[in-house]
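Following: one structure in structure tokens, then a few remarks.
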Amino acid sequence: MTTLDPWGAVKIDNYSKLFDEFGISRFDELLGKIKNPHRYMRRHVIFGHRSYESVLSAMLSGKPFAAMSGFMPSGRAHLGHKMVMEEIIWHQQQGGDAFLAIADMEAHAVRGKSWKECREFGINEYILSAIALGLKPGAHIYFQSKSGNVKDLAFELGTKANFSELSAIYGFNGETNIAHMVSALTQSADILQPQLEEFGGPKPVVIPVGADQDPHIRLTRGLAYKVNMFIVEKRESAGKAFISVRGKAAPKEALSEIAKRTGGKLYEEHVDVFKQSFDEVESIVRETELKYGGYAFIPPASTYHKFMTGLQGGKMSSSIPESYIALTDKPEEGAKKVMRAKTGGRVTLEEQSKLGGEPDKCSVYELLLFHLVEDDNKLMEVYKDCVGGTRVCGNCKKYAAELMREFLKEHQEKREQAREGLGEFGL
Ligand code: TRP
Ligand code: SF4
């Protein structure tokens, strides 16, 4: 007998390329160390990460860390956006600083949205829902176009990015408008902003994203590395391990200060350290870099979640209204979409009771797993009954539709309360 696997719907077989070819690490390896893992973690919806250890160790030792993401205010916020919002909120609840960007510059440059539309969509679709889902005051919610920090940093990052690199990631060509290119750097600036002095300086920051967003994360990690004043690396020469600190364009005094503090040997453009640990050297370098006006960015971390499939199978996409449920869909409408969703049920009831259903291929089950059932045991029960053939799709859909109706109703009430409280977020 095959073992029951209630998380089967989020199998990551198709993602193994990401691990092998792109160097994304498996989230499972960290799962045991996380205190109150989010539903998406427990159920392997979040399956991969880059340097999330840095965030986790800050979280466990009470040191500063942050989570950030951005939303383009060009369409309706749906269950896919809710996933990212929940991930930010969870990190805020674990003691992190939360950042939420409304990517109005991107929506204006790439989608041609007017500034007025950006403002309205930003507030009405994304911000109100994020607050209704539990984002608390203290979170930094901002519009890109209103952030001097972000715009200045984007310009600075532009000194380290060229057209070939950006076009390889974003598909830019000779027809691409310049503001579109700027908005790519603005996104990187969003990601690095939490580490600016104004927000307490360098710290681990996690960007929860969908698996397809990794190129943007890699770009930003690369830019962080390039704008930093120093590069700290483990090296080896003639069988002897040491740490090399290279300062590309660093002031001479800064480099010699590092040599003094680490007891290392000073060369023209680098210092070799033989006695101290990597962490010690890194922290001395960071302090010195900040003192001399550098950024000393820590490469941003990321987590990768699986996508939900569309309610009709296929992709969940903003351009196909029947494929998604928006957070502002009327509760009745949301329930109807669930009733019309594609299931993993068999053609006849007889077959269903003989063979059981296929929850791994069922978009209704996916709704339960991703959004509607918090209790793992309850979900396990649904799974068992489905594969055991005792659960009938008609009733199961009614159950999910009812949960969806309740969720949307409650969520929308909270959105109205959030509207009253926008001032607490400086909005
Ligand atoms: N580019 C993202 C989108 O397509 C929005 C975005 C802007 C973003 N800044 C960000 C996402 C920072 C993650 C982190 O919607
Ligand atoms: Fe999906 Fe429920 Fe039908 Fe199973 S019984 S296939 S979970 S709708």
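The values are calculated or read from the model by the stated rules, or taken from the named source; none is laboratory data. Nothing here was measured: the structure is a model prediction, and the numbers come from that model. FYI the Cβ positions are ideal-geometry reconstructions off the backbone, even for glycines, and counts take in every protein chain you see. Ligands, DNA and RNA are excluded from the accessible area calculation, which covers all protein heavy atoms including side chains. Shrake-Rupley method; radii C 1.70, N 1.55, O 1.52, S 1.80 Å.
Dipole of segment 321-425 (Lys/Arg Cβ +1, Asp/Glu Cβ -1, origin at the Cα centre): which of MET404, VAL392, LEU367 lies farthest to the positive side?
Toward the positive end, the furthest listed residue is VAL392.
Just how far, in whole angstrom, is segment 215-250 from segment 322-359 if you go by their alpha carbon centroids?
51
Taking every DSSP beta bridge with both residues inside the chain, roughly what % is antiparallel (nearest 5)?
Of the beta bridges lying entirely in the chain, close to 55 percent run antiparallel.
Would you please classify the overall shape of segment 159-250 from the alpha carbon gyration tensor, given that a ≥ b ≥ c denote the square roots of the eigenvalues, rounded means a/c under 1.5, and beyond that prolate means a/b larger than b/c while oblate covers the rest?
prolate
Taking the Cα centre of segment 321-425 as origin, work out the dipole magnitude from +1 charges on Lys and Arg Cβ and -1 charges on Asp and Glu Cβ, in debye rounded to 20.
440
So, with a 1.4 angstrom probe, what is the percent of accessible area on the chain that is carbon and sulfur?
The value for the chain is 52 percent carbon and sulfur by accessible area.
Arranged from highest to lowest average of other beta-carbon atoms within 10 Å per residue, in what order do the peptides 371-377, 17-23, 226-232 appear?
Per-residue Cβ counts within 10 Å, averaged per peptide and sorted highest first, yield 226-232, 371-377, 17-23.
To one decimal place, what orientation-averaged projected area in nm² is obtained for the convex hull of the Cα set of segment 352-421?
For segment 352-421, averaging the hull's shadow over all directions gives 5.1 nm².
Among LEU255, ILE131, ALA238, pick out the residue whose Cα is farthest towards the positive end of the charge dipole of segment 126-285, where Lys and Arg carry +1 and Asp and Glu carry -1 on C-beta, about the Cα centre.
About the Cα centre, the residue reaching furthest to the positive side is ALA238.
Mind checking the per residue accessible area of the chain for me, 1.4 Å probe, whole number of Å²?
Each residue of the chain exposes 47 Å² on average to a 1.4 Å probe.
Taking the Cα atoms of segment 230-291, report the difference between the largest and smallest coordinate on each principal axis, in whole Å and largest first.
That works out to 33, 22, 17 Å along the principal axes.
If we restrict to alpha carbons, what Rg and Dmax does segment 283-333 come to, in Å?
When restricted to Cα atoms, segment 283-333 yields Rg and Dmax of 22.1, 59 Å.
Taking the radius of gyration and the Kirkwood hydrodynamic radius from Cα positions alone, what is the Rg/Rh ratio for the chain, to two decimal places?
Using Cα coordinates only, the ratio equals 1.02.
Treat every Asp and Glu Cβ in segment 230-291 as -1 and every Lys and Arg Cβ as +1, leave all other atoms uncharged, and give the resulting dipole magnitude about the Cα centre to the nearest 20 debye.
Roughly 120 debye, rounded to the nearest 20.
Leaving out same-chain residues fewer than 8 places away, which lysines sit with a Cα under 22 Å from that of LYS240?
Of all the lysines, those that pass the test against LYS240 - Cα under 22 Å, at least 8 places apart if same chain - are LYS260, LYS265, LYS275.
How long are the semi-axes of the equivalent ellipsoid of segment 288-382, taking √(5λ) for every eigenvalue λ of the Cα gyration tensor, in whole Å from largest down?
40, 18, 13
Percent relative contact order of segment 199-297, based on C-alpha pairs within less than 8 angstrom and at least six residues apart?
27
If you count, for each residue, the other Cβ atoms within 10 Å and average over each peptide, how do 125-131, 344-350, 260-266 line up from highest to lowest?
Packing order, densest peptide first, comes out as 125-131, 260-266, 344-350.
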